[in-house]
1. Quick one: pull the percentage of alpha-carbon pairs in the range 117-232 with a separation above 18 Å.
2. Provide the FRET efficiency to the nearest 0.05 for the residue 16-residue 92 pair, computing r from the beta carbons and using R0 = 22 Å.
3. What's the magnitude of the charge dipole for the chain around its Cα centre, counting Lys and Arg as +1 and Asp and Glu as -1 at the beta-carbon? Answer in Debye, nearest 20.
4. Could you run the Debye sum over the Cα atoms of the range 1-56, one equal point scatterer each and no solvent, and tell me log10 of I(q)/I(0) at q = 0.13, 0.16, 0.20 Å⁻¹, two decimals?
5. Give or take rounding to whole Å, what are the principal axis extents of the alpha carbon atoms in the chain, in descending order?
6. Cα-Cα over 20 Å: which of 5/44; 136/181; 17/44; 44/146?
7. Using Stokes-Einstein with the Kirkwood hydrodynamic radius over Cα pairs, what translational diffusion coefficient do you get for the range 91-164 at 37 °C and a viscosity of 0.692 mPa s, in µm²/s rounded to a whole number?
8. Taking the Kirkwood radius as the inverse of the mean 1/r across Cα pairs, report the Rg/Rh of the range 75-134.
Amino acid sequence: MIELKQLTKTYGDKKKKTTALSGLNLSVGKGEIFGVIGHSGAGKSTLIRCINLLERPTEGEVWVGGVELTRLGKRELQEKRRKIGMIFQHFNLLSSATVFDNIAFPLTLIHTPKQEIEKKVNDLLELVGLQEHGSKYPAQLSGGQKQRVGIARALASDPDVLLCDEATSALDPQTTDSILKLLLDINRRFNLTIMLITHEMHVIQSICDRVAVIHAGGIVEEGPVTEVFLKP
Ligand code: ADP
Ligand code: ADP
């Protein structure tokens, strides 16, 4: 579902160049929960931002659902990006919009009929357990509830993959567990492919099927979670 081939990303110019990713290869199968773990500065956020081309790779190929994103024109890329959901550490909600409107946002962008939006958003509110909170504003919600809104918004366009950028790093341990459980439920229910980056081992161990360890812009180890972390 996600295939990265010889992905390289450098920042800066000739004078001061930082190589964030260097010739990285990675493959995530349909329905998998794939985790990437690494220390600060290892290249995790560059990696995840390259998958939806929020960041343009300097070299290499990004494939999602059999399509090479790095070859698409602007319009086709826009279309394809809608099928790549993303959630963030700091939620990135619109503070002046209600929970309902935040979730509806990706649908209003593509002029979805009002009735359809209504049905979809209500289903999503129920899915993430916020059916009582649709008319609230983000400031009235707890961190965990805000992330549930983030998840619902990401699912609104029926994505092929969900990318999670340190999605639980701003949450306390108990809330983290409830969000991870929700992600697992969604994965099982829709067979949705999930890729997450984190610096927390606990996150990897609690929901990931496979894991890659990233260091200095490259994958240094990869495999099923039980094999990578339980070696003698
Ligand atoms: P992580 O998410 O694992 O902390 P990042 O992908 O943020 O790692 O960073 C990888 C490397 O790229 C680091 O050396 C970082 O300083 C550098 N880097 C990240 N973003 C930029 C940027 N916009 N401009 C210059 N250097 C950057
Ligand atoms: P319903 O059965 O009423 O459609 P669900 O609670 O089963 O409601 O699902 C909530 C919403 O999640 C649905 O509108 C569904 O289309 C949507 N959804 C979000 N992501 C996906 C996905 N990747 N695959 C299928 N459906 C998805």
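1. The proportion of pairs with Cα distances above 18 Å equals 55 percent.
2. Given R0 = 22 Å and the Cβ-Cβ separation, E is 0.15.
3. For this selection, approximately 740 debye.
4. -0.35, -0.52, -0.78
5. Computed over the chain, the largest-to-smallest principal extents equal 49, 46, 33 Å.
6. 136/181; 44/146
7. Stokes-Einstein gives a translational diffusion coefficient of 272 µm²/s.
8. Reported Rg/Rh (Cα atoms, Kirkwood Rh): 0.98.
No value in this document is a laboratory result; all are computed from the given coordinates. Nothing here was measured: the structure is a model prediction, and the numbers come from that model. No Cβ is skipped: glycine too gets one built from the backbone with ideal geometry, and neighbour counts run over all protein chains shown.
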